[in-house]
Amino acid sequence: NETLAADEEYHRDKWTLFGNEAETVEIAVIKNQRLLRTRVDKLALRKEVKIQLCAHMKYLERLRQKAPDFAVPLRAHTVWENMTVVLSCVVQGYPPPKLEQEVQFVNTFPPTWVTEGNNLILQCTFISALLPSQLGSFLHGCSLVTSLLSSPPPPLLSPLHPADASAAVLGGPASPLAVQVSDVNKDYVFLTWHPPSADGSSPVEVNQGEWVRCNVHVHKMCHYPVFGLKEGTLYQFRVRAVNKAGAGRPSKATDPVLTGDPLEHTRRQTITVTKDELEGQVKAPFPPTNVHACEVSDTYVVLSWDEPEPRGREPLSFYVERSLAGKSSWTLASLDMVVNSPRFPVFDLVKGKQYCFRVRAINKYGVSDPSEPSEPVSLGKPQAVPAPPHSVIATRDTDTSVLLQWQEPKDKDEILGYYMYYSEGGKQDWTTVNNKPVTDTRFIVHGLKTRKEYVFRVKSVSLAGNSDYSMESQPIWVKSAIHAPSAPSAIDLLLCTGSEMVLGWRAPAHNGGAPVRGYYLDQRELGMEVWREVNVKPAKERLFKVSVCNLNSGYFYQFRVFAANKVGVGKPSEASKAFLCEKWTMPEPGCPYDLQIREVRNDSLVLLWAAPLYEGESPVAGYLLEISQGDQSDDWTAWNEKPICDTHYKVSGLLAGQTYRLRVLAVNEAGAGRPSLPTEPVTAQTQPGTTNIEIGVDDDGFIFLGYEAELDDEAESLWRKNYSDPINPERAHEETTKNEELSWQIRNPLIALKSGWQVEVSEEGDVRLWLQTESLSDSAELRLIFNDREISSTPINFNKASGLVEILFDQLSPEDEGSYTAQLRDGRAKNQLTLVFVDQSKSLSVSVTGPYFQDFLSWSVDEDCELIIKCKVHFYISQSRFCAICNNRKKKMCVILRDHKCFLFITYEIISFIGKEAGSYRAVVSDKRGEDVSTLELVGDGETWPLHAMSASPLRIESTAEGFKLYCSLKYYISYLKTSWHLKDKKINQDARMKTGSSMQKVWLEILNPTEKDKGKYTLEMFDGSETHSRYLELSGQVFDDALLEHQRLNYCRPVFFPDRAKVTKGLPDAVAIMEGKSLCLTCFIDGQPAPEISWLRNDREIVNQNQFTITKEPKCSTITINNVIMENSGKYSIVVRNQYGSETVDVTVSVYKSGEKPPLQNM
């Protein structure tokens, strides 16, 4: 055991020793690694320090440099021929100049002799380790050669808004626009451009024989400084836009720009010999001045300074130094580049820190002292993209264009213009409208498809890029804008009976894009200048009768006509010729009128006209046509020898392309009457796209007529027979298919019905189902189908002569429930009717027990504010008895019998019902079969019933000269009725355009100067204390158009023809203050013809209290007296005067104050 223990201890010590040695080795390895890493870092740091030290030493060495100069120059010598000449001079400079030509004139370096007139000049050349930019200046005889373009590129002619070419890559941006070069210097220019319509950032390219990229990193702003160019070289620049898809196509290249000193021309203009001699004395340059930042961005700063003054003749370059603001450690900012221009962009600045800059000037004589430091400069804030426009509105312009308008954003200072886009409705396929920014806020978008729906959006453009898209405009249907129609023409007298004159005229040549809704006539006596209105309401037809009350027999009158559509009243026609107001007695007929031309082709046309209103002494026997060639020719030729009996005629044999005019004469036994007014000139020419009516027979043998045309929503198709007779709807069916083909199918009609399925139950419980059609032929067929199977077992009666079909049931059973279908056929005519007969047995089983209440007693209030108590009794026969009892008193009810059903009702006026008529109602119906009872409790106080009996009429609209008036008539009015008006579920607040009011009979809303924005659903809510009653009016479509047309007519006529509208001439002050307990009298003078209606209002409610208020009304004056004024009488009082030509409202504010207080008007 001791041996084993010793072995274990030996092995344990051995393993411990091995572990300690391994740990020591590991620690040593880690230590060596750290030491090695430290040495490597020191070597790298030493190397970096050496590089920076070397650069700094070079910088200091350059500061010590001095151009070589002759301290003692060579002097002029006069020598004899063959004499030995020794030339000597003293040279200064750092580093020490090296003499390239020794004075002993070694043959390897012969001197250069130059003869200038009679003088012999010796030239010596020295070499010095100068800056590379100074080498060309210090080496005499060396010229700087620049690469010029052989010839500038020809100018490109660009249209106003050219379309973009296809993108260089799929989804790539368009080309930038308006690339411009500014601030041109020796080696620096500044570029600006407009972003393309597609979003993206923009790298810049420069043209110098071949295109060279200027910036390494993508630049997001639309401006960039280009540095490091060669002086005296022509350059062109172009820009590419970049987005996620890649780079787009380059922009149009700029015009060639020649780099150079921008102040050279000023020196050439001002330098004289004296100036040259002065500049020649300048050796080492003076420091530059006015160092400042001329361009600050979020990524760079462009420095600018003025050259030293005096400058000297020698070429200058510059060193730019920088330092953190507040410190004096200056470092070279232009270490690895040569600065020849007084501009220098600095890119490697840290955001949030401020820097100061100074500049040194350099020429061949040395380096100047530093300039004064600039003001502290820091990087600017990133320029934000502009906000998008808003309120984009598209307005109809022409059939292929739309006027687009928008509101510019609030911050508009940096905006260069706007891009516009459009898409067809529902497609989201956007197309760019312009690829050059538009500076205005309105633009006409051309090239759209007629009768297509479009939406538009706009974005803003600035040097920071493009904004987001604006909200889409409302969809617009592209078609010509609607405007007032043109003037009618060709006014003619069609009939004069002595008591009236009938006029006709030609419709306007242009209806303004909307149908003509009526005509207005003016008249005047011959020789007078004032026109008088003939009709107040528009004449719908182009015929009008002028009543004798406005005319005097034997006088001559002239007329003019206005046409009106939904936009308004157009311009008047020219005055007609003078017509004599005298009864017509000539034997010949009057002239035809309303000439219309249809179906114009190369060799024919169809002429329509209306028969004359005056036939003469005998009926019209026919018509003669006359034709004239040319627009204004009066050489009329008879077209037909025999009179035409119809009022239409196809004129054939015309010359294609020739212009014609036609007129018609009516003929009777006395001869031909005077001719009608000629038609407008028409050219015999088939228009492109003209189609004819096609005729054919379909598979069922039906004859059809078809016509293809392009129709919009407002177009209407009318089929006529012989150009005038309407089509018989019983034998014709008209339809419009999706491919816009109109077909008139002449076929046998459906079997007409006199009555659909009816159900009757007799007193014995028999059930009869029946229907009736028109009379059928003997070959008519009937199929009865019950629940998808044909039936024949049930008794069926089919009377073909009367068209009666009936099914009889002795007793109904659940198996008889289902659908019954009758299929009728008579030749080609067909029809089918279905009756769903479900759960009838239950109701029939009740009927055999006796009469019963199908509808129990109930009550309602009708529009006339009458309370109706009603019920309905089923299976009521002549032996049945009915009794109604209220509060132990019998009531008489009206009884109406119809199909074994009894309708009973009692009607009360709401006023008479209050009180004694309220109570418990009980109705009993009985006969020998049984009885049934119904009860109704009607209990309420006197104030409750009117709340449920508001007798408000539907909302109506009335047009006035000022605008629209929406009103609701009331039969019973309660003083605590609260009203409110709503438009599109939004409450209307009273303002200058919308005014509300009420009286004992009406509640109204006045809309002054209505516009399209006033369209919508109007709601009047009336709250009577327990329930809200609503009335509605949809003010849009035809209702709005008719009301607007009437308003425009009244507004047009008011100042000219109705000067005597109702108005207040004088009387009411603006405000009145009165002490409590006194009496106040307000008097107002009015005028108007006819005499106006007068109403006094308090807080926009009509005054009805006759105890405290006394109102007197006279034709020209009205007075209101407030007796014993109290504090509650304070408020706004108004007088409203109105007649048929207009109205006016005048307000006065009444303020009541207590005794001992100052009047409120003095306090104000």
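The values are calculated or read from the model by the stated rules, or taken from the named source; none is laboratory data. A quick note: this is a predicted structure, and the numbers were derived from the prediction, not measured. Don't worry about glycine lacking a Cβ; one is built from the backbone with ideal geometry, like all the others, and counts go over all protein chains shown.
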For a quick check of your reading: which strands (runs of 3 or more DSSP E) sit entirely within region 451-518 and have at least 2 residues that are in the same structural domain as Ser576 (by TED's automatic domain parsing)? 489-496, 500-506
Of everything in region 430-446, what is within 17 Å of the chain's Cα centre (by Cα), charged (D, E, K, R) and either on the phi > 0 side of the Ramachandran plot or part of a loop (DSSP other than H, G, I, E, B) (or both)? Give them in sequence order. Asp440
Pick from region 183-212, criterion modelled with pLDDT of 80 or more and more than 21 Å from Val338 (Cα to Cα), ranking: farthest from the chain's Cα centre (by Cα): Thr192
Of these, Thr1119, Thr1110, which one is surrounded by 15 or more Cβ atoms within 10 Å (Cβ to Cβ) and either over 51 Å from the mean Cα position of the chain (by Cα) or among the aromatic types (Phe, Trp, Tyr) (or both)? Thr1119
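Residue-by-condition table, conditions (1) at pLDDT 80 or above; (2) outside the structural domain of Pro1010 (by TED's automatic domain parsing); (3) in a strand (DSSP E or B):
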residue: Gly940; (1), (2), (3): no, yes, no
residue: Tyr967; (1), (2), (3): yes, no, yes
residue: Tyr973; (1), (2), (3): no, no, no
residue: Ser980; (1), (2), (3): yes, no, yes
residue: Lys995; (1), (2), (3): yes, no, yes
Considering each of Lys327, Lys364, Lys353 in turn, give the residue that is in contact with a Leu (Cβ under 8 Å, 6 or more places away or on another chain), surrounded by fewer than 17 Cβ atoms within 10 Å (Cβ to Cβ) and more than 27 Å from Ser467 (Cα to Cα). Lys353
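Quick one: which residue in Ser486, Ser462, Ser473, Ser467 is closer than 30 Å to Gly504 by Cβ and among the small types (Gly, Ala, Ser)?
On the way: Ser462 fails: closer than 30 Å to Gly504 by Cβ; Ser473 fails: closer than 30 Å to Gly504 by Cβ; Ser467 fails: closer than 30 Å to Gly504 by Cβ.
That would be Ser486, the only listed residue that is closer than 30 Å to Gly504 by Cβ and among the small types (Gly, Ala, Ser).
Report, by residue number, each residue of region 342-363 that is among the hydrophobic types (A, V, I, L, M, F, W, C) and touching a helix residue (DSSP H, G or I) at 6+ places or on another chain (Cβ under 9 Å).
First pass over region 342-363, keeping only residues among the hydrophobic types (A, V, I, L, M, F, W, C): 344, 346-347, 349-350, 356-357, 359, 361-362.
Matches in region 342-363: Ile362 only.
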Check off (1) in a loop (DSSP other than H, G, I, E, B); (2) under 37 Å from the mean Cα position of the chain (by Cα) for Met528 and give me the number that stays unchecked. (2)
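Can you name the residue in region 451-487 that is of a type in the set (Val, Ile, Thr) and buried (at least 19 other Cβ atoms within 10 Å of the Cβ) and, of all such residues, is nearest to Gly417 (Cα to Cα)?
Residues of region 451-487 of a type in the set (Val, Ile, Thr): 455, 458, 461, 476, 478, 482.
Add one more test, that the residue is buried (at least 19 other Cβ atoms within 10 Å of the Cβ), and what stays is 455, 458, 461, 476, 478.
Values: Val455: 20, Val458: 10, Val461: 5, Ile476: 24, Val478: 25 Å.
Within region 451-487, the match that is nearest to Gly417 (Cα to Cα) is Val461.
Report the residue count in region 431-450 for those that are touching a Phe, Trp or Tyr at 6+ places or on another chain (Cβ under 7 Å) and surrounded by fewer than 15 Cβ atoms within 10 Å (Cβ to Cβ). Walk me through it before giving the result.
Step one: of region 431-450, the residues touching a Phe, Trp or Tyr at 6+ places or on another chain (Cβ under 7 Å) are 431-434, 437-438, 441, 445, 448.
Subsequent filtering for residues that are surrounded by fewer than 15 Cβ atoms within 10 Å (Cβ to Cβ) retains 431.
Residues flagged as touching a Phe, Trp or Tyr at 6+ places or on another chain (Cβ under 7 Å) and surrounded by fewer than 15 Cβ atoms within 10 Å (Cβ to Cβ) within region 431-450 amount to 1.
Is it the case that some residue within region 1013-1021 is in contact with a Cys (Cβ under 6 Å, 6 or more places away or on another chain) and modelled with pLDDT under 85? Reasoning before the result, please.
Of region 1013-1021, the ones in contact with a Cys (Cβ under 6 Å, 6 or more places away or on another chain) are 1020.
Those still in the list that are modelled with pLDDT under 85 too: none.
No, there is no match, as no residue in region 1013-1021 is in contact with a Cys (Cβ under 6 Å, 6 or more places away or on another chain) and modelled with pLDDT under 85.
I need a count of the residues in region 760-795 that are part of a strand (DSSP E or B), more than 18 Å from Thr834 (Cβ to Cβ) and at pLDDT 80 or above.
Selection size over region 760-795: 1.
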List, please: which pairs have Cβ atoms under 6 Å, are six or more places apart or on different chains, and start with a residue in region 298-311 that is among the basic types (Lys, Arg) and end with one that is part of a loop (DSSP other than H, G, I, E, B)? none
Any idea which of Ile1111, Ile1094 is β-branched (Val, Ile, Thr), under 24 Å from Lys995 (Cβ atoms), in a strand (DSSP E or B) and touching a Lys or Arg at 6+ places or on another chain (Cβ under 6 Å)? Ile1094
Condition (residue is among the charged types (D, E, K, R) and either modelled with pLDDT of 85 or more or touching a Cys at 6+ places or on another chain (Cβ under 7 Å) (or both)) applied to region 506-518: is it met by at least one residue? yes
Among (1) under 18 Å from Cys496 (Cβ atoms); (2) among the β-branched types (Val, Ile, Thr); (3) at pLDDT 90 or above, where does Val546 come up short? (3)
Of all residues in region 447-498, count the ones that are of a type in the set (Gly, Ala, Ser) and either more than 22 Å from the chain's Cα centre (by Cα) or farther than 30 Å from Ala241 by Cα (or both). 11
